[in-house]
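Trainee: For reference, the structure I am asking about is given below.
Computed from the coordinates by the stated procedures, all read-outs in this text should not be read as laboratory data. Note that the coordinates shown come from a computational prediction; the quantities given were computed from them, not determined experimentally. Virtual Cβ from ideal backbone geometry, glycine too; neighbours counted across all protein chains shown.
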């Protein structure tokens with residue numbers, strides 16, 4: 001069963017969902033465990049049924065007494081079907097059906113308890129659908145026979161099974177949609193995980209090839225310098241200087257390779273963005289110009305653009321309330337251009353929405369970020385990054401540094 005736990009501070013008490021309960025499933029899906037309680041709005045029929053009755057079945061003292069006794073019990077049983085473990089919840093749902101049968105001779109409002117009980121008997125997992133439908137048929141036939149013997153009108157005998165079936169189907173479709181959304185979110189995370197794994201494997205291969213060749217050269221040069229140190233000190237110093245230069249070259253290459261470990265690929269981020277947004281009901285479309293080639297981009301440029309796509313998609317899913325998103329990737333002259341356009345609510349954007357990090361990543365590679373967001377007109381994000389490699393600009397400095405080291409080691 002569910003149980004009570006003290007909330008932070010020790011002053012309040014909260015109902016904790018039991019493992020496997022409906023509330024626990026809602027909580028794991030990132031929703032409030034109290035969300036299923038919204039279905040209690042249908043219990044208004046407990047209070048409306050006497051309006052369609054007359055005589056002994058209207059708003060009589062008996063009706064008020066039975067409502068005062070049964071409705072709190074109904075709320076308690078329904079609460080248990082949401083927060084209790086599957087077996088206990090199943091028993092509580094049957095108790096709701098039994099409550100209806102027990103009150104039916106004197107209390108037509110109890111038919112609502114029957115509907116709630118039948119709906120909450122539905123299977124928690126796939127595979128028990130046919131058994132549930134069979135049980136639903138048996139319970140409704142039993143209700144019709146029992147109500148006919150009591151003397152209920154034929155309208156009630158047709159209406160209650162129909163309503164029970166319709167509401168049960170609606171709730172089952174809703175739950176199936178939630179399960180599908182959860183599966184899509186898992187797929188979204190799997191795409192990112194596989195992309196990260198593939199990138200790490202590539203980096204590992206590059207490092208193996210790079211360090212294997214470099215370390216072999218360092219070992220050979222070092223052995224040669226050791227043999228020359230007494231016979232030809234000047235030649236030995238030259239070999240040692242070359243070892244130093246090789247090591248520095250390897251260090252630069254290793255840093256460039258390792259910087260790609262956390263790099264995100266454009267293709268992987270577009271796939272992740274599609275899954276994230278379409279799971280939330282947002283249409284996603286992207287277009288790549290013929291001149292654009294993600295494989296030919298410098299690693300730091302591709303990483304910055306990919307992270308911009310990720311941040312933009314996350315912000316749209318959380319805040320924009322958009323129906324459609326378009327992404328355009330292209331090259332204009334010597335500048336890579338990314339545009340993300342949505343038709344959401346627009347308006348003022350808070351700096352905490354990942355925009356600061358997006359801007360910093362782009363500025364780190366010499367890029368710029370422009371955001372146009374007007375209330376009711378959606379948001380347009382444009383990122384522009386020059387394709388000139390920063391490493392090209394640093395090459396003369398690195399060459400000068402190596403020359404300085406060689407000069408210091410020279411006799």
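Trainee: Just grab the label-to-label distance for residue 172 and residue 382, each label 7 Å out from Cα along the Cβ direction, in nm (one decimal).
Mentor: Taking the two extended label points, one gets 5.3 nm.
Trainee: What full-extension length gain, to one decimal in nm, is calculated for residue 247 and residue 226 as 0.36 nm per residue of separation minus the Cα-Cα distance?
Mentor: Additional length available on full extension: 5.8 nm.
Trainee: Using 0.36 nm per residue of separation minus the Cα-Cα distance, give me the extension gain between residue 335 and residue 68 in nm, one decimal.
Mentor: This chain segment gains 88.8 nm when fully extended.
Trainee: Give the peptides 82-95, 325-338, 100-113 in descending order of average Cβ contacts within 10 Å, highest first.
Mentor: Going from most to least packed, we get 100-113, 82-95, 325-338.
Trainee: For Cα pairs less than 8 Å apart in space and 6+ apart in sequence, what is the mean separation divided by the residue count of region 264-389, i.e. the relative contact order in percent?
Mentor: Dividing the mean separation by the residue count of region 264-389 yields 26 percent.
Trainee: Which whole number in µm²/s is D for region 264-389 by Stokes-Einstein, with the Kirkwood Rh taken over Cα pairs at 25 °C and 0.890 mPa s?
Mentor: 171
Trainee: Relative to the present Cα-Cα distance, how much length would full extension add between residue 27 and residue 53 at 0.36 nm per residue of separation?
Mentor: 5.2 nm
Trainee: Which FRET efficiency value, to the nearest 0.05, is calculated for residue 314 and residue 208 with the Förster distance at 45 angstrom and r the Cβ-Cβ distance?
Mentor: The computed FRET efficiency comes out at 0.85.
Trainee: So, one more: When only C-alpha pairs under 8 Å and at least 6 residues apart count, what is the relative contact order of region 3-152, in percent?
Mentor: About 19 percent, as a whole number.
Trainee: Using a simple spin-label model with points 7 Å from Cα along the Cα→Cβ vector, what separation in nm is obtained for residue 155 and residue 91?
Mentor: 4.0
Trainee: If R0 is 56 Å, what FRET efficiency do you get for residue 360 and residue 37 from their C-beta distance, rounded to 0.05?
Mentor: It comes out at approximately 0.85.
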